[in-house]
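Have a look at the structure below before the remarks.
The values are calculated or read from the model by the stated rules, or taken from the named source; none is laboratory data. Since the model is a prediction, treat every value here as computed from it, not as a measurement. We place every Cβ from the backbone using ideal geometry, glycine too, and count neighbours over all the protein chains shown.
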Amino acid sequence: MKKLLQALGWILAAPFRLLFWLAALPFRLAGRLLAWLFRPVVERMKGGKIYKFFNDRPEDRPALDALNSAVDNPYQILDHLDAIRKHLLRAVLGLVLGVVVSFSFAEPFLAFLAAPVGGLGKLQAISVTEEIGVFMRVALLAGIALASPLIAFEVWLFTAPGLMPKARLKGLLAIPAALVFFVSGAAFAYYVMMPVALPFLLNFLGIEARPTAANYFTFSTGLMFWIGVAFEFPLIIYALSSMGIVKPKMLLDHWRIAIVLIAILSAAITPTVDPVNMALVMLPMSLLYLLSILASWIANRKNG
């Protein structure tokens, strides 16, 4: 029976493996072509700072020995504090720059966010400072979103010297991957969920509602953020599987519990109580769970 279930799982996963292989094929061919073209350049770079940074292995010693060494030589701690200060300063400067840039397009971005409800003209303000508050809130959120890749890169730069070369490279590649997953989730919330949910919410009893600007933008940005975070699940599972914490068999065995948890999470995220909008959240999250099983299988296969 166990072999039959394993064979059935292999058959069910075969289309996903084929799609993943086809999707990765152009990148593999491009990588081999680039490796062949830039082989002389890579040979010259060997011994350079960048090459050493990605290939040097950290000193492997027990944590207690490292702690004793830090106590005996406190200047090591000062070096780490100085590194933290530099990375933190660059991250803050990037955040300030992102917020400054976001102020220049905050108004068009507000109009873009208000499109599902019919535009800014369909909203109202009931306090004197509400419009300024909404403008500042959206500009700050957009600035944080713009600066988030740089902040993540600075965190990676600080932690990378303590990682093994393979984990170092995976951590760097995870930054754009996380950005793609998050943007995909936010786009799904904006283009799929909101056009369906808003008419239901605003005409629930047949009474035309006109939401306030603060209420609407809090709702729309919150929904896009949480759906974007939910779309990060396959990447998180891949990282946990790479560390050996999660196994694909465990995910397959507990799929019923996962569906129940997805239903609860969908009910919490969904802005409405009707099953249609809840299903709009459950369906992609269930597919993401299947994608997470595939990601876990790929990570464990590489580790094996």
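So which of A197, A186, A152, A142 is in a helix (DSSP H, G or I) and modelled with pLDDT under 85?
A197
Has the range 82-91 got at least one residue that is part of a helix (DSSP H, G or I), at pLDDT 65 or above, under 28 Å from the mean Cα position of the chain (by Cα) and acidic (D, E)?
Restricting attention to the range 82-91, the residues satisfying the condition of being part of a helix (DSSP H, G or I) are 82-91.
Now narrow it down to the ones that are at pLDDT 65 or above: 82-91.
Checking the rest, the ones that are also under 28 Å from the mean Cα position of the chain (by Cα) come to 83-91.
Those still in the list that are acidic (D, E) too: none.
Within the range 82-91 (the criterion being part of a helix (DSSP H, G or I), at pLDDT 65 or above, under 28 Å from the mean Cα position of the chain (by Cα) and acidic (D, E)), the answer is no, since none of the residues qualifies.
Take the residues in the range 219-236 that are of a type in the set (V, I, T) and free of Cβ contacts under 8 Å to residues at least 60 places away in the same chain; name whichever of them is farthest from A263 (Cα to Cα).
In the first step, residues of the range 219-236 are kept if they are of a type in the set (V, I, T); the result is 221, 227, 229, 236.
Within this subset, residues satisfying the condition of being free of Cβ contacts under 8 Å to residues at least 60 places away in the same chain are 227, 229, 236.
Values: I227: 14, V229: 16, I236: 20 Å.
Checked the range 219-236; the qualifying residue farthest from A263 (Cα to Cα) is I236.
None of A214, A167, A239 is modelled with pLDDT under 80 and buried (at least 17 other Cβ atoms within 10 Å of the Cβ) except A239.
So is I262 touching a helix residue (DSSP H, G or I) at 6+ places or on another chain (Cβ under 6 Å) and at pLDDT 80 or above or not? Before you say what the answer is, go through the steps one by one.
Numbers: touching a helix residue (DSSP H, G or I) at 6+ places or on another chain (Cβ under 6 Å): yes; at pLDDT 80 or above: yes.
So I262 fits the description; yes.
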